[in-house]
Every structure is written in C-alpha cells, then in structure tokens.
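Input: a single structure, listed below in structure tokens.
Each reported figure results from applying straightforward, stated rules to the coordinates on display, with no laboratory input. In this text, all values refer to a predicted model and were calculated from it rather than measured experimentally. Neighbour counts run over all protein chains shown; Cβ positions are idealised from the backbone, glycine included.
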Number of protein chains: 4
Amino acid sequence: MRLRMAMIGGGTGSFIGPVHLMAARMDSMIELVAGAFSSKTDISEKSGREYGLPVNRIYGNWEEMIEKESRLPADQKPDIICVVTPNNLHYAPVIKAINAGFHVICDKPLCISVEEALDIKSALESGNTLFCITHNYSGYPMVKKAREMVAGGELGTIRKVMVEYLQGWLSDKEEERGNKQAEWRSDPAKAGKAGCMGDIGTHAFQLAEYISGNRVKRLFSQLNTYVDGRILDDDGNVFLDFQNGIKGTLLASQVACGEENALSIRVYGTAGSLEWKQMEPNNLYFRKKDSALQVYRTASPYGSPGPIAEKHSRLPGGHPEGFIEAFANLYRNFALNIMALRNNEKHDSSYDYPGIADGLRGMKFLDAVVDSSEKDQWREI
Amino acid sequence: MRLRMAMIGGGTGSFIGPVHLMAARMDSMIELVAGAFSSKTDISEKSGREYGLPVNRIYGNWEEMIEKESRLPADQKPDIICVVTPNNLHYAPVIKAINAGFHVICDKPLCISVEEALDIKSALESGNTLFCITHNYSGYPMVKKAREMVAGGELGTIRKVMVEYLQGWLSDKEEERGNKQAEWRSDPAKAGKAGCMGDIGTHAFQLAEYISGNRVKRLFSQLNTYVDGRILDDDGNVFLDFQNGIKGTLLASQVACGEENALSIRVYGTAGSLEWKQMEPNNLYFRKKDSALQVYRTASPYGSPGPIAEKHSRLPGGHPEGFIEAFANLYRNFALNIMALRNNEKHDSSYDYPGIADGLRGMKFLDAVVDSSEKDQWREI
Amino acid sequence: MRLRMAMIGGGTGSFIGPVHLMAARMDSMIELVAGAFSSKTDISEKSGREYGLPVNRIYGNWEEMIEKESRLPADQKPDIICVVTPNNLHYAPVIKAINAGFHVICDKPLCISVEEALDIKSALESGNTLFCITHNYSGYPMVKKAREMVAGGELGTIRKVMVEYLQGWLSDKEEERGNKQAEWRSDPAKAGKAGCMGDIGTHAFQLAEYISGNRVKRLFSQLNTYVDGRILDDDGNVFLDFQNGIKGTLLASQVACGEENALSIRVYGTAGSLEWKQMEPNNLYFRKKDSALQVYRTASPYGSPGPIAEKHSRLPGGHPEGFIEAFANLYRNFALNIMALRNNEKHDSSYDYPGIADGLRGMKFLDAVVDSSEKDQWREI
Amino acid sequence: MRLRMAMIGGGTGSFIGPVHLMAARMDSMIELVAGAFSSKTDISEKSGREYGLPVNRIYGNWEEMIEKESRLPADQKPDIICVVTPNNLHYAPVIKAINAGFHVICDKPLCISVEEALDIKSALESGNTLFCITHNYSGYPMVKKAREMVAGGELGTIRKVMVEYLQGWLSDKEEERGNKQAEWRSDPAKAGKAGCMGDIGTHAFQLAEYISGNRVKRLFSQLNTYVDGRILDDDGNVFLDFQNGIKGTLLASQVACGEENALSIRVYGTAGSLEWKQMEPNNLYFRKKDSALQVYRTASPYGSPGPIAEKHSRLPGGHPEGFIEAFANLYRNFALNIMALRNNEKHDSSYDYPGIADGLRGMKFLDAVVDSSEKDQWREI
C-alpha cells in the first residue's frame, strides 16, 4: 500500500521541491497525486506536468486544492499534505490541512512566530493527524547512532556540545543577483525575524538537542550581518546552557566563504566523545577514554552500528548513502507511523521523525537568539 | 512521459534488485510495470506485490513474461527489460528481450563467455534497441569529471593507471553460511570462470578504461584463492599494458578483511595526476605539476567541476550524493537516449552510459586474466 | 658560531624542558652550557648530568646561577637564559636575567599579571637584550604561510576568525593523581588566575592575532569548571571582537575527553578562507571563492608555499615535519636575530618570533577573559 | 655519556647529510666530531665548519680520515663512522671502517651488488662492531606498533601485503637540470643497476618484510622507464610471493607526478588488517573483523599504542612527530646497542634497528627485480 501526497510550493526551479519528491519516492511508499506548486497558475501547471501529474490535480491556489482534494473519494484523496513554501507561507496551509484531516509534512523552520507555532500545536492536539517537520539531518543513520550512544551512556555524563553550520553562498549580495533562494531568505517579510539562524541555525539547534537528548535552557548570542544593506543576520555565534550543566556553542554562518554545507557536531562526556560531519555522513567518530579512536560506519559489517542505524540505511557498507537517503528516512518513518496509526498498531519507536515539538523549539530558539543579540544579555528559552 | 520497465530477477532479499528500483525511480522517468523476480512463483509474487505491482503483471517465468508483455498494447507494454539474475542467467533473457524489441539494462558482468557476449552484440546490431550494462561507478559526477580532464589533456600524456577494488566480505566461507550473494558468486556454474575478478575486477577494469580513455592491450595476472575449498579466485593482482605505452595495475580482493567497498583509481600523467575513491565519491583530487593539490567537489559553487559533472548531480554542493544517485545516472541517461531515439533527436553525448562494448571488453578481460594466471604469461586481450 | 644557553626549570620528568632542548639543538646554533633545573639540588644535578653538563655549571638556585654565570669570561658566559618554570616563577628570573644583560627565552604565559608583564616590558626597553616567548605554534611553516596570505589580501577583507584548542587530559582530577603537570596548572598560586585559558587559551589567542594580523578589542566569555573541586577554569568559550569589524570565536577545553592537542584555526574573508589544524600541521586548506579547494603543503614542490614557509622547513615535501621542528624555528629565528643584533646587521624580517608584545597581550587577554566571565559582560582588552 | 661520530659524504647542499645530523643530535647521545664531507677539500672544509667542527677534524679524503682518526686517543676517537655517499661509494669506506674497528651507520641501499653485500657481512662477522643501515621508515612509532600487532597475531594469519612508494620528482629529466640528487641516482655507475627500485623500492621492500615478519621467496616485476633517455628504471610494479602463502604487491614510482613521498603499506590477515601512510605517520588504521575501524595514534593517552611504540616517541599525543624523529630513533637505538655492547649488558630488544641482514636482503631484491623484469619471469630471491 502506498500513501498519496499533495504538495504546496516546490515548483520547477526550487531546490527543496525536487528533494522532497526524490525522498518521498525512494521507498515506494508515497506517491505524489496533486499539487499547488506556485500561485502562478502557469508555473504550477508546468511543474505538475513535469512531476507527472494529470492536469486536473494541479492547482494554482493551495486553498482550492485542499478543499477540492478533501472531497475526493477515499481511494483518491491524499493522505499527506506537504508544505514547502517560504517560511511566512507555512502557517496558513498547515492549519488548513490539519483541520481538513490531512497528515502534514512541513519544511523548517515551522513558521514565523512562537504564536503561530502554538496555534499549529493546538490544531494538532484537537485533531488526529500526524505532523513532520523536515529537520532532515536527524535522518542520517550515524546521527541515529550518535543519539543512541549518548542515551545509552556510552559517553558518560555529557559536558559539552559543539555544533556548527557553515555555508558561504551568501558571502555576496545574492539577493540582488536574481537568486530566488537568497531573495526570500533575506526578506524579513518572508523569512521571519532571522536569516541565517532561521535557515540553518534551527537545523543545528535541533540536531544538538536531538543527539544530546537535552534541552537548552538559556542562551547568549551575537548575530552579525556582514553584507552591506542586508537586513537579517547572515552569521551568528551562540553560547548554549543546557539542562544538567551541559554547556554548548552553536556557530552558524552563510558568509563563510569557501564552505559548502558544513554542518557538524561534537559531543563531549566524562567517558568519551563523538564527532559527526554532514559532508561525510557515513562516519561517526567515537573517542573513548580508554580506547583508540573508533569510526563507526553506516551499514558496516565490521562492528555494526546496530539495529537503529541499520533500519535507516539501504545498502551494504561502503556504498555511500547521502542527503537524499537521509531525507527519505523522514518520509519513510512518517509513512510507517501513519500506517501504524491507521491500523491501530503500535509502531516501532526507532522509526522516529521530528515533529511539532521540534518545530516549536525552533521558533522559541529564534525568539531567544534574536532577543539576546539585541540586548546583549543571556536569554531564557 | 515515463518509460515502463519489466524486471527479471531481483526479488525480495536480493541486494541489487532494490538498488535498480531506487535508481530507476529517482528521476521519475522510469516506472516498474512488470517482473519475473524469481523462478519460484510464490517468491516472485511476494516480491512483485512489495514492489507495488498488480498480480497479472507478476510472473514466475521470464520467458512467459517477455512473450506476454510483448503482446500488450503500446500504452502498456514495457519499453525496457532489466536483467538482474546471476551471471549465467543473463544471456538467454537478454537475447530474447532484444529480439522481442525491448531496450535492455543488464547487470554486470555481461554473461559468462566471450562467445555469449559476441552473440548479444550481433543481436543488438540486427535490431534497433539500446543496451546498458550497469557499470554503475562510471555514473558518479566526479568520475565524469576525471574522464573529461584526461580527455582534455589536463594531466598531459598519461603514463600510469592504478586501480584497486578491495572488499573483505568473503574472508570466510560465506557461501556455506547461507549467504545467497556468496553462494552463486562462488559457484562456477553460476558466476562463470572468475569469482572476484568477475564480480568486482570487471568494474575496476571498466573504470580504468573509461577514465583513461585508453584500452588495455595485454595483461599479466596472478589470481589467488585464499579460502580453503573455494573454487574460484577470491583475490587477484594484474599488470595492465595499455595503448600508447601506458602501464597500469589492477588489484582486487574480496578477502581484504576490514575493507567495505574500496574502489579507487589514480591516473598519472606528465603534467599532473588524479585520484578518486568510491567511498568518498564527491571528492576528486587533482595534483598538477605546478600547483597546490586541488580538490574538485560534486556541484561545488567554488571552482565548479563543469557542465558534464553538473548534469550528473542533483543537489547543491555539500549535500552528499551517493551510490544510488550514481546508479540513477545510468538509468536517467539510458532513458534520455531511448527518448532521443524514439523522437529521432540527436542526444547530448555527455549523457552517456556503459553499453555492449563495455560488456564485451569485460568478458575479454576475464578470459585473459584467468588464462594469464594459469599460464604465468602475459596475455593479449 | 654557536650561542650558549642556560636553563631555569625543565628538569628530568618535565614535559617542556626536553622539548626546549631538542628544539634548541636541532640547528646546531644553540648549546646548553648551564642550568638550574630544579630548586632541589639533587634533582637539578641529576637533570644537568643527563643533559650532558659538567657539575660546576649545574645549580640548585637560579639567582646564584645568573650571578655566577654573568661573571664568566665572554667565551664561556651564556648568551641566552631560558625560563621554563611554572607561571608564577617566570617574573623574577626573567627580570633578573634581562637586567644582567642576557637574552631571554620564556615559556608562556608570560607571567601572572598585567603588572608583571608591564615591568618586564620596561626592563627590556631600558636594556639591549632580546626576548622570545614560546608561542611555538606560530613557528609552523603553514602558519607562516597563512599569515602571509592574509596579509597579502588573498582572502579579501577578513570577516570571521574561529580558533579552537581542545584537550582532554584534565577530564578527571589528574592534579590529585600525582600528575605534576596537572598539579601546578590547577593551582592558582602557581598558574595564576586562569587554568585552561592560561595554559592553552593564550596560545589560541596569540595564533588568532598572529594569523589575522589584527587585534582583539573586546570579548565576552563563559569560563567553565567541570571537574568537582577544581578551582580554576578547565574549559571556556569566548566571543572576540577584533578591529575592523572582524568577529571571532575562541573555544578551549582541557576536559574535551578524547581530544589530544587539537588546536585549529579558520579564517574567513570576502574572497576566500583558510583552515589549519595543528595535528596535521603540514596542510593548509585554502578555499577561494572561484576555485576548487587547494591544499598548500610544507615544502611541496607542487605549488610551493613560497619563500617564508620554505625558510621554516628543513626537508623536501612529503617528509613530515612536526612539533619539535616548529618549536626549533623559534629558537633558530631568535638565534639569527641575536647574531644580527651583535653584528649590527639588519635581519630578515621573515625570521620572526613572538616577543614581549605577544606576552603582554596574553596577560591582558587573561584579565579580560576572567573578568568578562565573572561579570557576564563584554570586556575591553 | 655521548658517542662520537665521523661522517663520510653529506656535505653542504646534500639532502641526507643534514638529516643524519639532526637525527643524531636529537637525543644528545651522539656528537659529530669529524668528517670527510666531500672529495673536494674546499667543500669538505666549508661543510665541516658549518657543522661546527674544528679544521683539524675535517678531511678531503675519507681514507685519510679513517686512518688518522683511528689513531686518536680513546677519549677523542670516533665510535661511529657514518657513510652517506652515493651508492657506489658505500662499499670501500664501510669495509675500511669496519676493519678499523668502528661501528658503522650506512645509508641505503647497502651497496651496488650482492657480492659487495656479502663481503660487508663477512667483515662484520670477523669483527666486533655493529652495523646500521638507515631504512629509517622502520623507526616510526606506528610502524613498530604495526610489526608488533602482526607478530602478536592480532590480524590472524596474514594473507596479503600491499606496499607502495610513490614520488613524482623525476617526472622530468631533472638529471639534466643541475639537480645533484637526480644526477647520481640516474647514473648506473653511481646508483647501481636500479634507479627507482634502488632508491625507494628497497625501502618499501624492507618495510614489507619488517612489518609482516615474513620474507619474500620470489617475485615478478615490470620495471619501466618513462622519461626519454633515462637509463635506469624510474617506475616499477612487483608481485611478491612471501613464505607461508602470503601474496603481495610492491608499486613504486618516481614519475608519479603530484606525489611527494607517498610510502604506504596495508597488511591483510584472516582476522583484520592494518594501514599506515608515511605522510601522516602518527595514525595506524586497524580494521578488525568484528569491530569498528580503530585508529591507533603515536603516544595517545586514549588506548595507548603500548610500550614499544612509546619507547619510540618523545612527546605527548597530539604533538606531531615526524620524519626526523623517526630517523633519530634509529640513531638512538643504535647508540643504546653500542653502549650495551660496550658495557656487556643485554640490551632491550625493542630498541631495534635495521642491520646487515636488511642491507643484504635489499641487494638480493634488486638483483631479482631487475632480472625478473628483463626476462619476464618469476625470479627466486
């Protein structure tokens, strides 16, 4: 059985639309059946056709789409609405989709304010639908392994978490050079109150809380805007105080010229430490107090990373699995959870995915990180 | 428009069946519509259902499938037959599929003798169908870049090619422990005259000829069988003499305990050299006589690897692309070529794929490598 | 001609004494002739004999040594006094040695207060002797290259500096386990007001200012003490605001379990960026806006790192040069400067070494970093 | 107590002379007291003065030096003669030095024929002096660890040894561009019958036998000369059959454009494998059948590499030790053995060094490798 999905946003030329499609398609569990890919009807139609949809399932207006598709017979109606519009256009379709009874997959960050986030949370609590936010980096097998090792005490008591997310693509004023990705991300009306921190800082924050299994209590930040005339931050550094005395740092930049997509995390405990780097995602470095450095590897037959990591890989060791595969793990897990819900079965908790709690945390993080930087003070989160 | 594909072999539990499916599906250009996944009807049915097929398109017998499917109306009939059976079961279905007018994708090595290979070549020459052999490693963007750099003279005159393919999974007698993959690969009746050399040596050989743009003229080999009671080689070393005075080495092993899937190649010329490693496929190391080491990277915005590599990547730089993506490049390119043929258009030659010539070369290589080792002599190829 | 050196501290069993000796000896320019290696006469004698000294040049009291040695005839008298005692015992011998007309090499940090540092500066200004502080990491060839590239504008305008120094050897309470190195470093009476920041933070700070060619104006820090009962910081994170709008981070720890001696620095500019890691010191990663990643390498014949780096390497490319060689570069450069001074010659400014200015900056950094952390405020430096 | 050394060859501008001196000097156990650095008296004098020698201990003629120095009183007479001339000038001074009762350190390869090597062996057997050949790569701590692990059975039964030594500095005809190093190495009268194989192939061969603890029985080689007009090989590939069924490959080149000094070795056994690379010598990769990849590191406090490696390192983990330090280990161990012999003490066998047996093996290897290549046949060794 396959689930059916309708998409909002993500038309031709966007980065994230095709990624969602490749990810959804990978395990043959989810099928695209409808879409409102753009508010411009012709672009939406062009995109839909390229994605293989019949014309009658392509819309220029997402409200119309939700209304019409929700009235389709059960064997045609989508199960999932996928929202991949700019940040300011998440809230409305997500709320409408939830209220219409659809499961929802939404791009990150969740929305543009804590208030919106709380509304979405309420909508979910009053309904019976599932929600996934695509903090996709938590879908990598070695990230699952890292989280499992921390939870299992293999590092002892955690002391320090260092997370970084460095890109260089906004080193120049790309938003004035016709780069669509840069345009909306640097426009407060579309991106919300944060630039770099919203776009990639929230990923780093989610990863730090996900792997450490701990929550940040307060933070101190310095947000920077290096490129003249840019309104939002394009760089920032944050001190993080977690629960249980864990200290951390979160360093993010989109003007780190020369960097591609350098997300990495290091976690130090009393008995050992971990390091993971997104750009070589199949390695997990484990430094234990009394042993030589060990390198766990995705699906390796030599010192297997264990059942949870194995459930999130598709190939034998040495066959590199990448970004799309990790993204697909969120889709696959979300689909399994929907099916379990539908069949009233208990699902295997190792097939997890980021949900509304992660989305809400992200919005609170952005509030705090902007406020702390403005006031030069520590800020509770 | 999508192409329709039927599969022979590749049922549940096989390694390569699901890989072909994920690869075929990635770009929404090819759709599985039928299959004879196993000669055991129940297994074939189970597999087909898991792959989402209706029962009437699932077969227990591939001959029956080709016959029935070839009689379907044009809007249902498959365009492509994909053959992923053990080596000894390539020849018959490939010939039959070609003769029935299907395009064919076949796993490597092509078959089990040069004679069979020549037959297939003849069949293709008498028909009008396209043929792809899945030497998938040539689908990586950085392999395309490497080939382009050699062809463009960036390394000067090539002198030396060093290719290696090291695995360790046959270090013990896996074929007696219920490992299906090991069973047929170590059985001469199913695998043909070579073990390690057939399974992975042919990949290394194809890669060396593909990147160097040169052909091996003669070779000297020492094949080894380390595991007691194993009949075929599980390891081997080969000296390669190419055209134009290029010398090379090909080192392959399936008993290199600790290695996962370590295919790598180095090419040395008078003006510089290249290195590529399959397990970190998004890097291409370029050592030029008068410059610091340079590292080209898939889709990098900093010193782009150029249009051919870009046509074979799907994500911005820093988002790791892996094995499935490279495999999918073969499918995508094959599909583009089929469409160009159908539309009578000239296709862009940068969308290349390994074909019958590569398949035939592989069989000749195996003949030579086995013969040289037995006779302790250099052997023409 | 060789220079003669007397050493204070650094007896048998110390880490840094033998390092200074190996470094001094490497280029045959400096010879150990006397020493007060410990205040315990027997230990001093034992050490001196192991270092090959005659008994009459071994002292149990450094004051006595300076007095007696300064009265020796010109062809026996030391040229240099080397001070390698714990931090609290730098000031007195350094002042006395300067006043007695000796050149001085002193371990870092310079002393235990800004006041002491200013006194040393005054003493130097009233005399005619040279002073070197062993911020040895600035002696690596690739660090010289990095500084040269920044100064030469190859990175454009600098925006961000990220420096880290991570060790794990104080993860447990080593100071109560008989570890002499840990004992004095964790004792405020001997180490001064900072622990981790004094021991390794000052190295990181010096390296950041050295390579960036810029000075930190103010900072915000959070110092941490993870190990129960420890008085001084064993970890800390610092935001750095440099001149010219450069922002930076300095992350240091001695409780980063699993880390050995992980000093690294990244510098981002508008046109490119640099990365250097002390544990693989012969590589310098250069990411330029419009080029593939380049890796400069110590003494490489392929894209030479240039004359300044070459003056600081001793072997052809590919022959790894390490910690002792970099340390020896400080000694060699200091010796060359002493000779130039003596001969009244202009010395080549590429043979530089860290001096009193670096030492004073370090003390100011420690004042600021401790004060900022205590008051939770930005602090001028 | 220090040992005194006289040097033959190694004058100003040579590569290896200063390396020997830095290595000898590092541990304060050996002191240069005399030298015949060149047959040109003025060059010898200039070199000797730069090395800090008095004029009366500098010679233009090595025979004169041996004669005069051997008549000096016991407290001045050298203990060791160090021979660092071109290959054809090893035999005569080595024999004369041995016969005069000196201990001898000689550069590799030992000489230019098996006959000469056997003569040297006989001379040593009739005397009571020790002999060291500077196969310096065996002095690295991680090489010691590798050998110990193989001997201790940690890899199970060894199956395969892959050694490589790749350089690119002879990619062009350097011998006609005033490069002294290239001149004699490419001249059969000075280098002997092999070029690349003599210069670096013998290092690789010694390393393979040293780490594997096994001897090569026969080999098959293909030697190549890529550069027009060059007489000796500048490249070559060899199959090695060891005792006990171990197979191996030795790939060497001096025309591998872009390579610096890329010596590496991999050893595969039934229970695991090892990898070591000279250009990052402080890592030893250990892949065990049932564990994640482990990385042993020189002097690491985390999973110490054990006592033998520790005896061959001088710094705490994370402080990179390099080529000179490894070279110095040979000198230190040789000095310790001389002292033990003198004091009639049993020496600790972990302080080993390559001796006459290694030198003789090297000459036999060269005979075989040249002969096999000429005759296109396997050749006993």
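Note on chain B: with a GNM built from Cα contacts shorter than 10 Å, the maximum mean-square fluctuation among B:Gly359, B:Gly48, B:Gly306 falls on B:Gly306.
As a length-normalised measure over Cα pairs under 8 Å and 6 or more apart, the relative contact order of region B:144-283 settles at 37 percent.
When +1 charges are put on Lys and Arg Cβ atoms and -1 charges on Asp and Glu Cβ atoms, the dipole computed for region C:3-129 relative to its Cα centre reaches about 240 debye. In nanometers and ordered shortest first, the copy-to-copy spacing of the C:Glu380 label point, defined 7 Å from Cα toward Cβ, is 3.5, 8.7, 8.8. What you get for chain D, charging only the Cβ of Lys and Arg (+1) and of Asp and Glu (-1), is a dipole of about 960 debye around the Cα centre. Dipole orientation for region A:3-129: of the candidates A:Val55, A:His20, A:Ser113, A:Val55 has the Cα lying most toward the positive pole (charges on Cβ; Lys, Arg +1; Asp, Glu -1). Largest first, the extents of the alpha carbon coordinates of chain D on the three principal axes equal 63, 51, 39 Å.
Taking amide hydrogens as placed 1.01 Å from N in the peptide plane, the amide H of C:Tyr226 sits under 5 Å from those of C:Asp234, each at least 5 positions away in sequence or on another chain.
Shown for A:Glu176: label points 7 Å from Cα along the beta-carbon vector, and their distances to the equivalent points in the other copies, 5.8, 6.2, 7.5 nm in ascending order. Taking amide H as placed 1.01 Å from N in the peptide plane, C:Ser291 has its amide H under 5 Å from the amide H of B:Gly303, each at least 5 places away in sequence or on another chain. Between D:Lys375 and B:Asn244, the simple label model (points 7 Å from Cα in the Cβ direction) yields a spacing of 3.5 nm. By other beta-carbon atoms within 10 Å, ranking B:Leu232, A:Leu341 with the fewest at the front produces A:Leu341, B:Leu232. Residues of region B:23-63 with amide nitrogen under 14 Å from the 7 Å Cα-to-Cβ point of A:Asn343? Answer for region B:23-63: B:50.
Rounded to two decimals, the Cα-based Rg/Rh of region C:53-98, with Kirkwood Rh, is 0.96. Rounded to the nearest angstrom and listed largest first, the equivalent-ellipsoid semi-axes of the protein assembly as shown from its Cα gyration tensor are 58, 44, 25. Across region A:288-366 the C-alpha pair distances fall into 10 Å bins from zero in the proportions 15, 33, 31, 18, 2 percent. Its residue count N sets the reference 2.2 N^0.38 Å, and the alpha-carbon radius of gyration of region D:337-381 equals 1.86 times that reference. For the options C:Pro93, C:Pro78, C:Pro307, a Gaussian network treatment of chain C with springs between C-alpha atoms closer than 10 Å singles out C:Pro307 as fluctuating the most.
In whole percents, the pair-distance distribution calculated for region B:3-129 from its alpha-carbon pairs, binned every 10 Å from zero, is 14, 48, 33, 5. Projecting the Cα atoms of C:Gln254, C:Ile158, C:Asn99 onto the charge dipole of chain C (Cβ charges, centred on the Cα centre) puts C:Ile158 farthest toward the positive pole. Each other residue within a Cβ distance under 14 Å of C:Cys196 adds +1 if Lys or Arg and -1 if Asp or Glu, for a net charge of -2.
With θ taken as phi - 60° and the Karplus curve 6.51 cos²θ - 1.76 cosθ + 1.60 applied, the whole-hertz 3J(HN,Hα) list for region C:133-140 is 10, 7, 7, 5, 5, 6, x, 5 Hz, x standing for glycine and proline. Residues of chain A were split at every exposed loop site, defined as trypsin sites (Lys or Arg not before Pro) in a DSSP loop with at most 10 other C-beta atoms within 10 angstrom, and the longest piece left, sites excluded, is A:178-345. Note on region C:326-381 and region C:22-92: Cα centroid distance 23 Å, given to the nearest whole angstrom.
Where chain D is rotated onto chain C, the residue of D whose Cβ comes nearest the axis, and that gap in whole Å, is D:Gly322, 2.
Ascending distances from the D:Lys364 label point to its copies in the other chains, with the point 7 Å along the Cα-to-beta-carbon line: 4.2, 6.9, 7.5 nm.
The residues packed around D:Asp290, meaning those with a beta-carbon under 13 Å from its beta-carbon, carry a net charge of +1 if Lys and Arg are +1 and Asp and Glu are -1.
If R0 is 30 Å, the Cβ-Cβ spacing of D:Arg49 and D:Glu280 corresponds to a FRET efficiency of close to 0.20. Inter-label distance, A:Asp119 to A:Ala74: 3.3 nm, where each label sits 7 Å from its Cα along the C-beta direction. Of the residues D:Val104, D:Val370, the one with the fewest other Cβ atoms within 10 Å heads the list, and the complete ranking is D:Val370, D:Val104. Return the single residue from D:Gly258, D:Gly322, D:Gly198 with maximal mean-square fluctuation; model: Gaussian network over chain D, springs between Cα atoms under 10 Å. Fluctuation is largest for D:Gly258.
Under 5 Å between amide hydrogens, built in the peptide plane, is the criterion, and for B:Leu263 it picks out B:Leu166, B:Gln278, B:Met279 among residues at least 5 positions away or on other chains. In order along region C:35-52, phi translates into HN-Hα couplings of x, 10, 7, 7, 6, 8, 4, 5, 5, 4, 4, 4, 4, x, 5, 4, 7, x Hz, rounded to whole numbers, per the Karplus curve 6.51 cos²θ - 1.76 cosθ + 1.60 with θ = phi - 60° and x for Gly and Pro.
Values of log10 I(q)/I(0) for region D:12-77 across q = 0.13, 0.14, 0.26 Å⁻¹ run -0.35, -0.41, -1.22, by the Debye formula with one identical scatterer at each alpha carbon and no solvent. Farthest towards the positive end of the charge dipole of region C:176-220, among the residues C:Ala191, C:Gly213, C:Asn179, is the Cα of C:Gly213, using unit charges on the Cβ of Lys, Arg, Asp and Glu. Dividing the mean sequence gap of close Cα pairs (under 8 Å, 6+ apart) by how many residues chain C holds gives a relative contact order of 19 percent. Pairs with C-alpha atoms separated by more than 26 Å, drawn from the list A:Lys108/A:Lys288; A:Lys217/A:Lys375; C:Lys311/D:Lys180; A:Lys144/C:Lys289; B:Lys190/D:Lys289; C:Lys193/C:Lys375, are A:Lys108/A:Lys288; A:Lys144/C:Lys289; B:Lys190/D:Lys289. Partner lysines whose Cα lies under 20 Å from the Cα of B:Lys77, excluding those fewer than 8 positions away in the same chain, are identified as B:Lys68, B:Lys96.
Along region B:292-298 the Karplus relation, 6.51 cos²θ - 1.76 cosθ + 1.60 evaluated at θ = phi - 60°, assigns HN-Hα couplings of 5, 3, 10, 10, 6, 9, 3 Hz to successive residues, with x for each Gly and Pro.
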